[in-house]
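Working notes, structure below.
The values are calculated or read from the model by the stated rules, or taken from the named source; none is laboratory data. Here the structure is a predicted model, which means the values were calculated and not measured. Using ideal geometry, Cβ is built from the backbone for each residue, glycine included, and neighbour counts are taken over all protein chains shown. Quick note on the areas: whole protein, heavy atoms, side chains included, nothing else; ligands and nucleic acids left out. Shrake-Rupley method; radii C 1.70, N 1.55, O 1.52, S 1.80 Å.
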There are 2 protein chains.
Amino acid sequence: MRYPNGQKNKSMASKKTRSMGFSNRGMTLEEDINATNVFYRSADKAVIHKKPTPVQVVNVHYPKRSAAVITEGYFKQPSTTDYNGIYRDRHVDFEAKETKNKTRFPLANIHEHQIKHMQSIANHGGICFLIIRFSVYNETYYMPAETFFPYWEAQFNGGKKSIPYETIQNTGYRIPFHYQARVHYLAIIDQLYF
Amino acid sequence: MRYPNGQKNKSMASKKTRSMGFSNRGMTLEEDINATNVFYRSADKAVIHKKPTPVQVVNVHYPKRSAAVITEGYFKQPSTTDYNGIYRDRHVDFEAKETKNKTRFPLANIHEHQIKHMQSIANHGGICFLIIRFSVYNETYYMPAETFFPYWEAQFNGGKKSIPYETIQNTGYRIPFHYQARVHYLAIIDQLYF
């Protein structure tokens, strides 16, 4: 938004930059996945939701005849992945991350407790994976958790702290874009599991 | 907590009353289920978590060199059930409610969008149910979602707005108490599905 004096509103500009930086369609990966999940649910294809961001509520104010207001709260580290649900009788569980990096996906994007959670889900028979977007190329990949784990573990044995872009291209699956399913990951699940 | 002048600290007292009212062991149903799920995960029996309560964040303050503080937020109505995860390859999804009522479970405890969610989960092959505690008797029941739905729907066709305690006793399954699995609902799932 441009103002009469030719300057941009600072906060609007930074928000816009942030949002545009992630995808050339101006949608973040999270927004794309949320829209996809809404479509999957409305078409009754799958029931998959993003979990709410956990908030540590410290203070709540209760005004008379109004909704309770949280006046002090803190964002907590999630102990699981962000998305889960059910598709064709199977439990589905995944984490989604985008990077502006052009050559590699830094492993620091994923927390260790999320890895432990994904290992448990995989052990118990769930369909578990990562969705990784390289926002510069606007390419989104499906990487099975089982493929991801060895790269994660290698970093503690002298291995790299990131996965090269080419490795993700070669070992992952490019997720197709559909108008209604902007990150159509069920197409990959169909291919891999059914 | 009693103070020297014989008066109770008001806010402590009301918290205690609330907590004690739900169960004669002083634990709420939610606390019991959370402890149960921690045990199930640590014993690697199942991976089931409570979803965080959704918060609409309106204002966040970013102090220098400190964690972001939410200074205005509101509790949102959850659009799904509170608990889900995986057990023996199956997707598990449930809602838990306790009532102080001695004779019936009021259907107003469950929201319509939660029923819709549960119907979708059941249609897609998930194990879906309610955990209902009558706190006065300290009895906790497992009611399959498929058993619950007709009672829910009946209220819109001139039926009751509640399910009698006896009906829940007869059509539900009493959930056993174990020291580590305080609400040992997997025992009922084993019985019904495996």
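Brief remarks follow.
- Residue check, residue A:137 within 26 Å of residue A:39 (Cβ to Cβ) and at pLDDT 95 or above: yes
- Count - residues of the stretch A:77-101 that are charged (D, E, K, R) and facing chain B (nearest Cβ under 10 Å): 4
- Candidate set from the stretch B:81-128 (those that are open to solvent by 10 Å² or more (accessible area, probe 1.4 Å) and β-branched (Val, Ile, Thr)); member that is nearest to residue A:86 (Cα to Cα): B:99
- Assessment of the stretch A:62-76 against the conditions (within 12 Å of chain B (Cβ to nearest Cβ), closer than 21 Å to residue B:124 by Cβ and not in a strand (DSSP E or B)) yields no matching residue.
- Scanning the stretch B:171-194 for residues being open to solvent by 30 Å² or more (accessible area, probe 1.4 Å) and either at positive phi or β-branched (Val, Ile, Thr) (or both) gives a total of 1.
- Pairs, first on the phi < 0 side of the Ramachandran plot in the stretch B:74-86, second open to solvent by less than 30 Å² (accessible area, probe 1.4 Å) and among the small types (Gly, Ala, Ser), C-beta under 6 Å, six or more apart: B:86/A:126
- Scanning the stretch B:45-59 for residues that are more than 17 Å from residue A:56 (Cβ to Cβ), in a loop (DSSP other than H, G, I, E, B) and within 8 Å of chain A (Cβ to nearest Cβ) yields a count of 1.
- Filtering the stretch B:48-77 to residues that are touching a Lys or Arg at 6+ places or on another chain (Cβ under 6 Å) and within 30 Å of residue B:189 (Cα to Cα) leaves B:51, B:54.
- Answer residue from the stretch A:151-194, given it is in contact with a Ser or Thr (Cβ under 6 Å, 6 or more places away or on another chain) and β-branched (Val, Ile, Thr) and is farthest from residue A:102 (Cα to Cα) among those: A:183
- Residue match in the stretch A:35-44 (condition: within 29 Å of the chain's Cα centre (by Cα), under 30 Å from residue B:125 (Cβ atoms) and in a loop (DSSP other than H, G, I, E, B)): yes
- Residues that are out of contact with any His (no Cβ under 6 Å at 6 or more places or on another chain) and of a type in the set (Gly, Ala, Ser) were ranked within the stretch B:68-80; the one that is surrounded by the most Cβ atoms within 10 Å (Cβ to Cβ) is B:73.
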